[in-house]
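One structure is given below, encoded as structure tokens.
The values are calculated or read from the model by the stated rules, or taken from the named source; none is laboratory data. Bear in mind the structure is a predicted one, so any value in this text is a computation, not a measurement. So basically every Cβ, Gly included, is an ideal-geometry build from the backbone, and we count neighbours across all protein chains shown. Just the protein is used for accessible areas: all its heavy atoms, side chains included, with ligands, DNA and RNA removed. Shrake-Rupley method; radii C 1.70, N 1.55, O 1.52, S 1.80 Å.
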Amino acid sequence: MQNLIQDGHTMTYTVPVDASAPVKSGDLVVVGAVVGVAVTDGLPGETIALAVEGVYELPKGSGALAQGAKAYANVTDGVLTIVGTASGNTLAGYVWADAVAADTVVNVRIN
């Protein structure tokens with residue numbers, strides 16, 4: 001097919017020049033309404049790839065999350081975490097395995 005641009009498993013992302021910190025491989029990144037996971041490290045101004053499909057272990061915010069529930073990216077104090085609250089947050093995907101309130105990470109199938 002002549003109009004295929006790419007398979008869509010990754011998205012090119014340029015780390016903002018005014019970013020307060022570099023992006024590290026495995027970091028959760030929100031670009032508009034798309035959530036991705038950094039494939040490599042990137043300094044401000046550098047272009048990296050974000051994985052936009054797959055299941056990833058991501059930092060969890062407060063509260064328990066049930067398998068199959070919607071997972072949202074939330075920024076608190078400049079740190080992105082996964083929470084179960086939709087209001088003010090970006091849909092990241094779906095919780096892949098239960099996470100109790102005390103857990104610091106959660107498995108998420110990103111969007």
*Among (1) modelled with pLDDT of 95 or more; (2) in contact with a Ser or Thr (Cβ under 9 Å, 6 or more places away or on another chain); (3) open to solvent by 40 Å² or more (accessible area, probe 1.4 Å); (4) not aliphatic (A, V, I, L, M), which single condition is residue 32 missing?*
(1)
*Just need a number here: residues in segment 71-83 that are of a type in the set (A, V, I, L, M) and loosely packed, with under 12 Cβ neighbours inside 10 Å.*
1
_So residue 106, is it over 22 Å from residue 12 (Cα atoms), β-branched (Val, Ile, Thr), exposed (fewer than 13 other Cβ atoms within 10 Å of the Cβ) and modelled with pLDDT of 95 or more_ = no
*Take the residues in segment 40-70 that are among the hydrophobic types (A, V, I, L, M, F, W, C) and closer than 15 Å to residue 21 by Cβ, then tell me which one is surrounded by the most Cβ atoms within 10 Å (Cβ to Cβ).*
48
*Which is open to solvent by less than 70 Å² (accessible area, probe 1.4 Å), touching a Pro at 6+ places or on another chain (Cβ under 6 Å) and assigned to a loop (DSSP other than H, G, I, E, B), of 19, 101, 86, 97?*
19
*asked:* Restricting to segment 44-74, give me the number of residues that are free of Cβ contacts under 8 Å to residues at least 40 places away in the same chain and either closer than 16 Å to residue 108 by Cα or touching a strand residue (DSSP E or B) at 6+ places or on another chain (Cβ under 8 Å) (or both).
replied: 17
*Please tell me if residue 91 is farther than 14 Å from residue 106 by Cβ and at pLDDT 95 or above.*
yes
